[in-house]
Amino acid sequence: MNYGIFHWINDLASRYPFLDKGMIFITDSVPYVVIVFMLFLWFTANKEKRAEKQYTAIYIVFTCLLGLGLNALIHFVYYHPRPFITYDVHQLVPHADDSSFVSDHSVLVFALAWTLLLRKDSWKYPVLVWAILVGISRIFVGVHYPADVIGGALLSFGSSLVIIKFSKILEPVVQVLFIIYNKLTKHIPFLAKFGHKDLSQGN
């Protein structure tokens with residue numbers, strides 16, 4: 001079933017140039033979109049929502065670190081060859097022949113999606129749709145199986161649950177980050193208005 005679904009999606013590659021370009025753009029733009037969205041989340045909220053948004057951004061970072069760290073362990077103990085190693089596929093982007101399970105891209109994008117959902121952020125559904133598209137794009141371009149993407153989504157979901165559940169324990173770390181950030185913003189007038197004002201209150 002894993003290969004069957006992969007073949008069904010990947011078989012659409014190299015048929016429609018506009019679709020190929022769209023999927024390649026989605027899959028290659030992930031790091032840049034994540035950075036831009038995190039900056040957007042941090043800097044664009046009004047004063048009433050700023051603390052909430054900044055906490056969400058930090059929890060996303062923690063979720064990414066936990067999820068990617070766990071995935072590194074999975075890659076260390078378990079190797080699963082990528083589709084282009086085992087089969088003749090439509091590979092649209094270059095990639096190392098390392099283990100395909102679990103997908104780092106999926107861990108990254110679903111870390112955003114699940115954290116936003118658990119935090120009930122207004123961007124939760126658009127980001128979830130984007131994360132699903134990224135997952136499909138990884139299959140489409142021939143570098144991951146569906147199980148790799150689903151595994152990444154589940155790993156991020158578990159990581160996000162852990163971070164949110166233990167947010168009280170992480171609060172001292174968060175406060176240190178805010179203190180460092182506030183000290184930095186004092187020297188940059190443009191950023192000063194985006195400082196975290198209430199260091200005593202968790203979110």
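Observations on the model:
- For the options V173, V34, V109, a Gaussian network treatment of the chain with springs between C-alpha atoms closer than 10 Å singles out V173 as fluctuating the most.
- Once the chain from Y125 to L12 is taken as fully extended at 0.36 nm per residue, the excess over their C-alpha distance is 38.0 nm.
- Between H187 and N46, residue separation times 0.36 nm minus the direct Cα-Cα distance comes to 48.6 nm.
- Space enclosed by the convex hull of the alpha-carbon atoms of the chain, per residue, Å³: 137 Å³
- Length available on full extension from V36 to I164: 0.36 nm per residue minus the Cα-Cα distance, which gives 43.8 nm.
- Note on M1 and K21: the model spin-label points, each 7 Å out from Cα along the C-beta direction, lie 3.7 nm apart.
- Ordering of 145-155, 72-82 by packing is 145-155, 72-82, highest average first (other Cβ atoms within 10 Å, averaged per residue).
- Estimated from helical segments only, the mean residue ellipticity of the chain at 222 nm is -23000 deg cm²/dmol, where each DSSP H run of four or more residues counts as -39500 (n - 2.57).
- Counted charge near Y3, where neighbours are those whose Cβ lies closer than 13 Å (Asp, Glu -1; Lys, Arg +1): -2
- Unsatisfied cross-links (Cα-Cα over 23 Å) in the set K120/K186; K49/K124; K120/K183; K21/K120: K120/K186; K120/K183; K21/K120
- Computed over neighbours whose Cβ is under 13 Å from that of G135, the net charge equals -1, Lys and Arg +1, Asp and Glu -1.
Read the figures in this text as sums done on the coordinates, not as results from a lab. Keep in mind that what you see is a predicted model, and the values were worked out from it rather than measured. Positions of Cβ are generated from backbone atoms using ideal geometry, with glycine treated the same way; all protein chains shown enter the neighbour counts.
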